[in-house]
Structure formats: structure tokens, C-alpha cells
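S.K.: One structure is given below, represented as C-alpha cells, and several questions about it will come after.
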Amino acid sequence: MIFLKQVHIHSEKFPDRDFYPFSMDLFRQTTAVSFKTPITFFIGENGTGKSTLLNALAIRCGIHIWQNEFNLRYEHNPYENDLYKTISVEWENGPVPGSFFGSQIFSHFAQNLEEWAISDAGMLKYFGGKSLIAQSHGQSLMSYFQSRYTIKGLYFLDEPETALSPSSLIELLNLLIKTAQRGHAQFIIATHSPLLLACPDALIYSFDNHKIAPVKYKDTTYYHIYKTFMNTPDRFINNESNGSQS
């Protein structure tokens, strides 16, 4: 099921091209990104803008993002979170609800849920029936994913692999596939994980060049690095001895 069809980036609306993210050639040269499959991945090195676009998309789609109230910065950027103001989206049959998952803000959400459950323990039934903070971080993430994604909607995930073991990542991958096959969920995911990127028939967009463009799984940098490392780890490891000389 495809709910969100396309996002348009209107560079003519950029307020100040000297500030991130409007200073990036990637956003100036990309006019639109299409979503043609139930699962879409954004990939790229840190700082390439994939999480920035993911956040902007969620906001533009009317989905709340839990934020830390105390987010002080040494160098203030007045436009850092304003990309959503310069994009527009196309729906298949109108907006749908959903959620945004970010590994850095999940603990904040879990703590809020714990406080709500003190007054209404029934709140926990939507997230596996257990306190999220009473479980390990990885267990709480899987509990959240397994419960939340049974609900019809549009789901944004920002680097969900951060606290998950390889076996849990495979579990998440199969959950995404199964949920998407049911036809009631669409996922847009920013990730560095080659395990998640192995998802059959998923669309992968690379942010590593001057324009956002689709790339095949086996052509991704992640695939090549991991495959080469597993086959010949000595190529990547510094084996120089640091012992004292006799």
C-alpha cells in the first residue's frame, strides 16, 4: 500500500542558502523524490541530509516528532529545522496517520509513556503490555515496533539499527516485510544497515551525490564495505605492533 506518493522540493523557496540545509547542492538539484514501494530507504554518509529530509517529510505529513525540550547549541542555525517549509507532498488518497521513530529521542518517549502509565496502565497495552524502560533498550525497541506497526499508517524511522543486535535487525526486517505485505503500512527509513537494505523489492535512495538518486542494493557502499570486510578483514585492520622495542 502506498499512501505517500511523492515529495517536491521547492528550492526557489529556500530562505538563506548560506545555512544548512539550504546550503546543500543535494537539495538545490533534487526537485522531487517518488515513493513507489511500501518500503523506501534513505542512505548516505553522516551529514548528507537523509535524516533532515526524513524529519521534514514527517512534519509536512502532520506527524508529531518527540523532541528534547533542552536542545541548546553553541552555534545557532535559525533555519536548521525549516526544510519542511519548502517541500510539498502528494498523497494517493489523502493523508493518513503514522509515527516517527528516532533512536535519539526514543528514550524520551519511553519515559513519557511510563509517566502516563502511572495514571492509566492501559496505555502500555499499545506497546506490548510491558514498561518500555523496564526492558533492555533493544527489547524495548522491538516491543515498540511489533505493537505500533500493527496499526494502519505511514511510518518514518531514523536509524532504527542503533541499539539492535544483528538477529534483532533481521527480526525487524521480517516485521517490515510482513507488515508491508498486509497492505496497511508504508515505511520510509534512513539507515546505515546493510541487513535492512537487503529488503526485497525495496526502493533505495542514495544521498551521497549532488542529487538524490535510486541505487541498487548490491551497488551501495554499505554492501561493498561489509562484503569486503567479511571476506578479507585484514585489509581494513591496522596490524602494526605498538609494543616497546628491546
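S.K.: Structure shown: which of 36/216; 13/36; 152/178 lie over 19 Å apart, alpha-carbon to alpha-carbon?
M.R.: Correct reply: 13/36.
S.K.: For a protection proxy built on the mean count of beta-carbon atoms within 10 angstrom, sort 52-60, 5-13 highest first, please.
M.R.: Highest-to-lowest ranking by the protection proxy: 52-60, 5-13.
S.K.: Can you give the extra length, in nm with one decimal, that the chain gains between residue 221 and residue 66 once fully stretched, where that is 0.36 nm per residue apart less the Cα-Cα distance?
M.R.: 52.7 nm
S.K.: What distance in nm separates the simple spin-label points at residue 46 and residue 152, each placed 7 Å from Cα in the Cβ direction?
M.R.: The answer from the label model is 4.1 nm.
S.K.: Order of 192-198, 212-218 by packing, highest average Cβ count within 10 Å first?
M.R.: 192-198, 212-218
S.K.: Fewest to most neighbouring Cβ within 10 Å: what's the order for 162, 232?
M.R.: Lowest count first: 232, 162.
S.K.: Any idea how far apart residue 10 and residue 213 come out in nm if each label point goes 7 Å out from Cα toward Cβ?
M.R.: Rounded to a tenth, the inter-label distance reads 2.8 nm.
S.K.: Right, something else. Set the Förster distance to 22 Å, then compute FRET efficiency between residue 228 and residue 201 from the Cβ-Cβ distance, nearest 0.05.
M.R.: For residue 228 and residue 201, the calculated efficiency is 0.30.
S.K.: Here's something else I'd like to know. If I take R0 = 30 Å and measure r between the Cβ atoms of residue 20 and residue 92 in this structure, what FRET efficiency does the formula 1/(1 + (r/R0)^6) give, to the nearest 0.05?
M.R.: With R0 = 30 Å, the Cβ-Cβ based efficiency is 0.40.
Coordinate-derived values only; no laboratory data. Values in this document were obtained by computation on a predicted structure and should not be read as measured data. Don't worry about glycine lacking a Cβ; one is built from the backbone with ideal geometry, like all the others, and counts go over all protein chains shown.
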